[in-house]
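Let me begin by handing over the structure; questions about it come next.
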Amino acid sequence: MKRKATVVIITVIIILIGGYYYEQENTRSQQKGLNPDIETANFTATANEGPTANEIELKFQLENLNEQLINARAELKLVQQKLILSTSKNTILEKDLQDSRDTLETLQKVLERLAESMPK
């Protein structure tokens, strides 16, 4: 049963790490996809004219990207906390398992000594 818990925890950790790197790659590809629009934008507006439709659209896109970035960072922080929690639980379980093994070995040695000392 303890081995199942350890395997589950390790699997969850691997999934979380994979998800983290997948999200990073996804964010990078989105940034690369939006850069050509931003780079080719024409920011030549006279002082008397208001913002152009292009500028308004770019500001809207920038606000959306900013909101996505904030949400992604919040999600990343949550995943990071879950990963830390899973790692600490895994460490605790490994220590408990090692303590149990040590106790078992000690009990086996005691039983062997008792068996040897008993008359046949």
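Just so it is clear, none of the values below were taken in a lab; they were calculated from the coordinates. The model shown is predicted, which means the values in this text are computed figures rather than measured ones. Here Cβ is always computed from backbone atoms with ideal geometry, including for glycine, and neighbour counts include all displayed protein chains.
Would you kindly calculate the mean projected area, averaged across all directions, of the convex hull enclosing the Cα atoms of segment 57-120, in square nanometres?
5.0 nm²
Taking 0.36 nm per residue of sequence separation and subtracting the Cα-Cα distance, how much length would be gained by fully extending the chain between Gln81 and Met118, in nm to one decimal?
This chain segment gains 7.8 nm when fully extended.
Could you check the simple spin-label distance between Ile17 and Ala53, using points 7 Å along Cα→Cβ, in nm with one decimal?
Output for this residue pair reads 5.1 nm.
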